[in-house]
Every structure is written in structure tokens, then in C-alpha cells.
1. GLU208 to GLU71: FRET efficiency via 1/(1 + (r/R0)^6), r the Cβ-Cβ distance, R0 45 Å, to the nearest 0.05?
2. Using the heavy atoms of the protein chains and a 1.4 angstrom probe, tell me the accessible area per residue for the chain in square angstrom.
3. Please give the length that would be gained between ILE215 and GLU110 if that part of the chain were fully extended, namely 0.36 nm times their separation in residues minus their C-alpha to C-alpha distance (nm, one decimal).
4. Return one number: the angle in degrees, 0 to 90 and rounded to the nearest 10, between the long axis of the Cα atoms of helix 7-45 and the longest principal axis of the Cα atoms of the chain.
5. Return the subset of LYS39/LYS72; LYS129/LYS188; LYS75/LYS129; LYS54/LYS74; LYS129/LYS204 for which the Cα-Cα distance in this structure is over 26 Å, preserving the input order.
6. Would you calculate the separation in nanometres between label points at HIS49 and ASN158, each defined as 7 Å from the Cα along the Cα-to-beta-carbon direction?
7. Where does helix 190-215 land angle-wise versus the long Cα axis of the chain, in degrees 0 to 90, nearest 10?
8. Using a Förster radius of 41 Å, what is the FRET efficiency between ARG183 and ASN12 based on their Cβ-Cβ separation? Nearest 0.05, please.
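The values are calculated or read from the model by the stated rules, or taken from the named source; none is laboratory data. The structure displayed is predicted, hence computed values, not measured ones. Positions of Cβ are generated from backbone atoms using ideal geometry, with glycine treated the same way; all protein chains shown enter the neighbour counts. Accessible surface areas use protein heavy atoms only, side chains included; no ligands, DNA or RNA. Shrake-Rupley method; radii C 1.70, N 1.55, O 1.52, S 1.80 Å.
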Amino acid sequence: MSHFVNMEVFSNYQKYIDNEQEIRENIRIVVREIEHLAKDATIQLQIIHSDLSKINSACSLARQQIEACAEKYKKLADLVPPGQYYRYSDHWTYITQRLIFLSALVIYLEAGFLVTRETAAEMLGLKIKHSDGFHLDIEDYLLGILLLASELSRFATNSVTMGDYERPLHISHFIGDLNTGFRLLNMKNDGLRKRFDALKYDVKKIEEVVYDVSIRGLSNPPESKDQQKAEPVE
């Protein structure tokens, strides 16, 4: 009796499935290692909400954990077959966004400005261009930056509780600029658009904190240029 199905074909399919499962399992192992480092960095940075004097030390410790992820991303790059970044990217997309957020928070606390995609990628040992291989996707960068807004709105509130009445004003200016920047983008990604829609609530929350501090007379209004230049009256 003739066989109309070549069983060897199914044997080859099984080899493909086994190889696929092995790749994904090895990726999951490395991603869990990255998640552990990100968790440690997150724990270090939580101190900013209760003790402003420890911001510098918290940033230093968190930066060490973040930069340690570069070695893990190199492992991921070695595991992913050439040209198949997006086939497996669902495994590391969320944690990468989380690390961008943590990197952005550290840079803001240290220097007061927004981390660039290039700097964030360098901290994680990632490329910028898709053609260069394992890279930092621009949407992951943008989603990570949007996570920063929620954390800073919380930080603004807690800063007032700790007696720092000027910090919320600086945060308000920063988030306002961030909001303006995102409004320049024509966002087609649903996840990015939804997260951007939540930004207006962060902006509103920070504005309420600034208004409350101002109405209570707790912050010093910035001097005008004329006041700064005026000579003291004898």
C-alpha cells in the first residue's frame, strides 16, 4: 500500500519546533536576569520619595544595576537569529521600556534634563539603527519616557511633603516641555497613543501641586530681570 504522506516532513517540523522552543526558553532565562537587575534599580530609586538627601547615592546605585544590563542584552543579541529581532522582541519589550524609564529618571535626578535615545541605548549596550542588529526600538524609548511622567508627578507631591517647595515647579516645567514635545508627534501606535493620553493627567496633577504650593505662599516666585538688576535702595 502506498503512503501519501511523507512522515519525514513531520520529523523535520518537530526539529524546527524544538529549536524554536529552545531559543525562546534561553531568551526567557536572560530576560529574567534583566528583570532582576531592573527590580534592584527600582528599589534603590524608591528612596527619593522619602529622603531627598539620598538622591545622589540612589542614582549611583541604580545606574550600576542599569548598566549591568548591557552584558545581559549582549547575551540576548547572541541568542536571537540574524534578522529575527521582531520575531522574539515580545519577550524583552516591556522590561526594555522599564529600563528606559529608570535611565530617564536617573538622568533627570542627576542633571535635570531628558535622556536621549542615544544615551539610553549606550547605557544598555544597545544599537540605535535596526540595520546594526540588536537595537533600542524608538517606540520602546518613547513608552519608557512616558512612564517617567507618572513617577515625577508622584515625586512632586512627595517633595512638598518633605519640605521641598521649589522642586514641583521645576518638575512642572519639565513635564510641560515633555508634553509639548509629544504633541509634535503623529502617533499611529495604539499603545503609544493610549499612554500619551494618560500624560495629560500627570500634567494636571503636577499643576495642582504647584498651584497648591503657590496659593499657600510656600514657594518663592522667581525674580524678574528688572528686580535682579535693580540697585539696592540706601
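1. Working: r = 43 Å, r/R0 = 0.95.
E between GLU208 and GLU71, to the nearest 0.05, is 0.60.
2. 61
3. Values: separation 105, 0.36 × 105 = 37.80 nm, distance 2.91 nm.
Stretched fully, the ILE215-GLU110 segment lengthens by 34.9 nm.
4. Long axis of 7-45 versus the principal axis of the chain: about 20 degrees.
5. LYS54/LYS74; LYS129/LYS204
6. Rounded to a tenth, the inter-label distance reads 0.5 nm.
7. Long axis of 190-215 versus the principal axis of the chain: about 20 degrees.
8. Rounded to the nearest 0.05, the efficiency is 0.20.
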